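Down below is the structure, laid out as structure tokens.
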Amino acid sequence: MNNIKIKQALTGGIAATAVMTIIMLIAPMMGMPDMKIGNMMANFMGMPIWIGWAMHLMIGIVWAMLYVFLVRDKLSMTYALRGMLFAVVLWVLMQLMVMPMMGMGIFSSNTPDALKMVMGTLMGHLIYRLVLGLITKPNQN
């Protein structure tokens, strides 16, 4: 495996997950729904909250690895747009598979304000992938 790509993916995954998490935590102050994904994951699996948040970070790193090794170099647009395109694909999959699994319905239809939840999750994914796309540009050390 390419050590530079691993370093880029780890750095990008941690940074992008941190930025996305900050946005999620302040979302209610901006009129968006509470989107504490670590808490949601922990509750869904019956685990302690810290495990839910650790899983959130690990998932962010795994998606960064997949992006860097399988997607990034196959697209021919700016790195910010590459990351954001990847975001939309994953966001749709999340809305069709993960949200229903967690009892929130397709496109968050079982939540109190589905439109805000859908828009909030899209915003979070776009921000995560924008940061990821910018941090993981090739030829960075």
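I'd like to check something: does region 64-79 contain any residue that is within 15 Å of THR21 (Cβ to Cβ) and of a type in the set (A, V, I, L, M, F, W, C)? Step through it out loud before you land on a result.
Taking region 64-79 as the starting set, the residues that turn out to be within 15 Å of THR21 (Cβ to Cβ) are 64.
Checking the rest, the ones that are also of a type in the set (A, V, I, L, M, F, W, C) come to 64.
Yes: region 64-79 contains one or more residues that are within 15 Å of THR21 (Cβ to Cβ) and of a type in the set (A, V, I, L, M, F, W, C).
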Item to complete: Return the total of residues in region 33-69 being in a loop (DSSP other than H, G, I, E, B) and touching a residue at least 24 places away in the same chain (Cβ under 8 Å).
Response: 2
Practice prompt. Say whether the condition of being modelled with pLDDT of 90 or more and touching a Pro at 6+ places or on another chain (Cβ under 8 Å) is met by at least one residue in region 88-108.
Written response: yes
Worksheet item: Do the conditions hold for ALA18, that is, is it more than 26 Å from LEU115 (Cα to Cα) and either among the hydrophobic types (A, V, I, L, M, F, W, C) or in contact with a strand residue (DSSP E or B) (Cβ under 9 Å, 6 or more places away or on another chain) (or both)?
Response: no
Discussion item. Of everything in region 29-54, what is aromatic (Phe, Trp, Tyr) and under 14 Å from the mean Cα position of the chain (by Cα)? Give them in sequence order.
Written reply: TRP53
Discussion item. Pairs needed: first member in region 12-32, within 19 Å of ILE61 (Cα to Cα) and among the hydroxyl-bearing types (Ser, Thr, Tyr); second member anywhere, in a helix (DSSP H, G or I) and at pLDDT 90 or above; C-beta distance under 6 Å; at least 6 residues apart or different chains.
Written reply: THR17/LEU57; THR17/GLY60
Worksheet entry | Qualifying positions in region 81-93 - under 12 Å from the mean Cα position of the chain (by Cα) and buried (at least 19 other Cβ atoms within 10 Å of the Cβ) | GLY83, MET84, PHE86, ALA87, TRP91
Fill in: Residue selected from region 85-141 under the condition of a type in the set (Ser, Thr, Tyr) and in a helix (DSSP H, G or I), by the criterion nearest to THR21 (Cα to Cα)
TYR128
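If you check LEU57, LEU132, which single one turns out to be closer than 15 Å to ALA15 by Cα and either of a type in the set (Ser, Thr, Tyr) or surrounded by 18 or more Cβ atoms within 10 Å (Cβ to Cβ) (or both)? Full working, then the answer.
Details: LEU57 fails: either of a type in the set (Ser, Thr, Tyr) or surrounded by 18 or more Cβ atoms within 10 Å (Cβ to Cβ) (or both).
Matching residue, one of LEU57, LEU132: LEU132.
Given THR78, THR121, which one is of a type in the set (S, T, N, Q), under 30 Å from LYS7 (Cα atoms) and either in contact with a strand residue (DSSP E or B) (Cβ under 9 Å, 6 or more places away or on another chain) or surrounded by fewer than 17 Cβ atoms within 10 Å (Cβ to Cβ) (or both)? Talk me through it step by step, then tell me what you get.
Numbers: THR121 fails: either in contact with a strand residue (DSSP E or B) (Cβ under 9 Å, 6 or more places away or on another chain) or surrounded by fewer than 17 Cβ atoms within 10 Å (Cβ to Cβ) (or both).
Exactly one residue qualifies, and that residue is THR78.
Condition check: basic (Lys, Arg), touching a helix residue (DSSP H, G or I) at 6+ places or on another chain (Cβ under 7 Å) and either free of Cβ contacts under 8 Å to residues at least 24 places away in the same chain or under 24 Å from MET119 (Cβ atoms) (or both). Does LYS74 satisfy that?
Values: basic (Lys, Arg): yes; touching a helix residue (DSSP H, G or I) at 6+ places or on another chain (Cβ under 7 Å): no; either free of Cβ contacts under 8 Å to residues at least 24 places away in the same chain or under 24 Å from MET119 (Cβ atoms) (or both): yes.
Taking the combined requirement at face value, the residue does not satisfy it.
The values are calculated or read from the model by the stated rules, or taken from the named source; none is laboratory data. Source: prediction; values computed, not measured. Note that each Cβ is placed from the backbone with ideal geometry, even for glycine, and that neighbours are counted across all protein chains shown.
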